[in-house]
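What follows is a short report on a single structure.
The values are calculated or read from the model by the stated rules, or taken from the named source; none is laboratory data. From a predicted model like this one, the values you see are computed outputs, not experimental measurements. Glycine gets a Cβ as well: all are built from the backbone with ideal geometry, and neighbour counts include every protein chain shown.
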């Protein structure tokens, strides 16, 4: 298969059309085991191969059958998580005119896809109807660091940038450490993914979902519309219920429970393609609370934008040839992110 066989615009159109056809009615509460809880405390403490392989077995099963799991024992301090939620809340409580100073994709800022995404946006994901949320986003890749992102002056929200940078560094480090788990889960050498993630591409989103009554006054059906992520994997913090995922095992939509200080981890289209569809890229959406604001902080993690992803050797055979061309993130998925 050659690169010309893959049209990222057609791929994005197909994903949008598919998501519009999903029946998202009648979600149900999760049952025990619907979304596995994976505790990496022992491996984080020891780094031992026996602990790594035990975790890898659990992650492999989750990615093949569920596509989501709750990660605990990850080592990111609860105090930093609490501080991030506080800063997210404080940012979104600022007057609109201040947030508009760092609005995403304004013509006088050279880097797209970063800054304040206002309420009722129809992007990320791009849909015909508005998403009932507002967000602040930063990103990084080989040529972009913290300084290239948009920031309010520190006196507008003291400590905001410092906290966001500390958290982004911590979760990027966690994501990098998890690469060994995914490599072993796929029966590869533990350092297999290292070269592809030497300069990873990532995006951090700090999202505010206002109370649901506002939804009735606007052309918006969801806090964030049904979609699949474009990522290798996503590490999500949520401070309240609202995330709903499609369970392939049960054949219906289930409401993800909230586990204190846990990351909800899901694989995305990049990993699905790299594994030749062995791992799921799971449908999901988010809705708003009925009476109070809720906040979520997803971290979208990808290989270096220009790294060529060739079908993994353990995910192909003469009877299961590669379904996708050797292709990079920027060639395959970045179109969905407006990059």
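Give me the pairs, please: first residue somewhere in the range 295-321 and free of Cβ contacts under 8 Å to residues at least 40 places away in the same chain, second residue anywhere and surrounded by fewer than 19 Cβ atoms within 10 Å (Cβ to Cβ) and in a loop (DSSP other than H, G, I, E, B), beta-carbon distance under 6 Å, and either six or more positions apart or on two chains.
Once the first residue is free of Cβ contacts under 8 Å to residues at least 40 places away in the same chain and sits in the range 295-321, its partners that are surrounded by fewer than 19 Cβ atoms within 10 Å (Cβ to Cβ) and in a loop (DSSP other than H, G, I, E, B) give 308/326; 310/326; 311/276; 311/322.
Go through the range 1-24 and report how many residues are assigned to a loop (DSSP other than H, G, I, E, B) and either touching a strand residue (DSSP E or B) at 6+ places or on another chain (Cβ under 7 Å) or at pLDDT 70 or above (or both).
5
Select the strands (runs of 3 or more DSSP E) contained entirely in the range 262-339, then report the ones holding at least 3 residues which are under 16 Å from the mean Cα position of the chain (by Cα) and modelled with pLDDT of 95 or more.
Working: elements: 263-267, 284-286, 294-302.
Where strands (runs of 3 or more DSSP E) fall fully within the range 262-339 and carry at least 3 residues being under 16 Å from the mean Cα position of the chain (by Cα) and modelled with pLDDT of 95 or more, they are 263-267, 294-302.
Test residue 190 against the criterion of being touching a helix residue (DSSP H, G or I) at 6+ places or on another chain (Cβ under 6 Å) and either in a loop (DSSP other than H, G, I, E, B) or over 18 Å from residue 52 (Cβ atoms) (or both), and give yes or no.
Yes.
Does any residue in the range 223-241 that is at negative phi and outside any loop (DSSP other than H, G, I, E, B) come within less than 9 Å, Cβ to Cβ, of a residue that is crowded, with 24+ Cβ neighbours inside 10 Å and modelled with pLDDT under 90 six or more places away or on a different chain, and which pairs are these?
224/131; 224/132; 225/131
Quick check on the range 100-133: of everything there that is touching a helix residue (DSSP H, G or I) at 6+ places or on another chain (Cβ under 6 Å) and within 30 Å of residue 290 (Cβ to Cβ), which residue is surrounded by the most Cβ atoms within 10 Å (Cβ to Cβ)?
Looking at residues that are touching a helix residue (DSSP H, G or I) at 6+ places or on another chain (Cβ under 6 Å) and within 30 Å of residue 290 (Cβ to Cβ), I get 132.
Applying the selection to the range 173-211, what residues are more than 21 Å from residue 116 (Cβ to Cβ) and surrounded by fewer than 18 Cβ atoms within 10 Å (Cβ to Cβ)?
173, 176, 177, 187, 188, 189, 190, 191, 194, 195, 198, 199
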